[in-house]
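Everything below concerns the one structure shown next.
Only the coordinates and a few stated rules stand behind these numbers; no lab work does. Every value quoted in this text rests on a predicted model; they were computed, and no experiment measured them. Backbone-built Cβ (ideal geometry, glycine too); neighbour counts: all protein chains shown.
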Amino acid sequence: MRRDGKRAKNIDMEYAITPHIMPERNDALNMIELNIPQKPIQEYLNQKRKEGKNISHLAVFIAAYTRIVGEFPLINRFIANKTVYDRNEFNVGMVVLKSGQMDNGTMSKVNFDPEDTIFDVNDKMNAYIESNRDESQVNATDKLAKVLLSVPGLLRFGVCAFKALDKFGLLPRMIIDASPFHTSMSISNLASIRTNHIFHHIYNFGTTGVFITLGNSREVAKYDKEGNVVLEKCIPLGVVMDERICSGSYFALAFRKFRKYLNDPTLLEEKPDPEKVVRLVPYRKDKYPKK
């Protein structure tokens, strides 16, 4: 039994076979560009600031994605050793730049719950950023990297060992917790360094199934209600997905709901309907004993 998921049951034959045809994640990359209207998000953030609540752009996007994970749980699946797993947690990998530095950052992850509101997400993100931005602070990912680099040859041996253990579901919990490659989704706000979005690869090592980048806002042509072509300011997203975890139509439905939440972030202020959310059951050794 893996610490971060359990083997998926009752999956379509196509998705049981596909990982054998495309065993590596970079075999199965699908990419799409999404243009998200900026006005509804900015108006929402401005209103919250008037109410004394500072919410970041990134928190809105992560809150919207967190919500669709509860409603469309298959996008939280992952492939390991040609097998489909249901993830028992939801976490997001992010890079945080050290204070006052543009070329020194750290990457780790934050755990969220599908029942989190936008305020819960924002609070967790703020705590994560505060604990990682200080140059004197070292998170679990950095500590693991320093250990592997401390002895000549240890990095090569360690990475090979981690890959082998991960393949057979034997990677220790402490390594999974420290690994930025074992996430539900990774996200990078490239607009914060004033650059455009990219289509970032998802790593063969680990379990990350989706990578999203946000880029500089831009004007996008669209038709208004009268049929006239107008320009709308949008935040472009570069989305890269592992197509093996679910169908294209399922991804499409999930991202359609994602757009809905971004067009009206107030929908994220209340807890979701419990009957519409698939709850995650974290790994516990006593509940899932080794066989």
- For the pair L155 and K143, the simple spin-label estimate (label points 7 Å beyond Cα toward Cβ) gives in nm 2.1
- Message: Between E115 and D264, what's the calculated FRET efficiency when r is the beta-carbon distance and R0 is 22 Å? Round to 0.05.
- Response: 0.70
- Task: Bin width 10 Å, alpha-carbon pairs only: give the P(r) of the range 158-291 as whole percents, running from 0 to the bin holding the largest distance.
- Result: 9, 25, 34, 22, 7, 3, 0
- Query: What residues have an amide H closer than 5 Å to that of F181, excluding those fewer than 5 places away on the same chain, when H is modeled at 1.01 Å from N in the peptide plane?
  - Reply: none
- Query: Which one of K276, K222, K39 has the biggest mean-square fluctuation once the chain is modelled by GNM with Cα springs under 10 Å?
  - Reply: K222
- Task: Express in % the proportion of alpha carbon pairs of the chain at distances exceeding 36 Å.
- Result: 17
- Amide H within-cut-off set for S108, under 5 Å, with H built and near neighbours excluded: M94, V96
- Query: What is the helix-to-structure angle for 140-150, meaning the angle in degrees between its Cα long axis and the longest Cα principal axis of the chain, kept from 0 to 90 and rounded to the nearest 10?
  - Reply: 50
- Task: Please report, to one decimal in angstroms, the Kirkwood hydrodynamic radius of the range 1-115 built from all distinct Cα-Cα pairs.
- Result: 17.4
- Any idea how far apart E232 and E275 come out in nm if each label point goes 7 Å out from Cα toward Cβ? 3.3
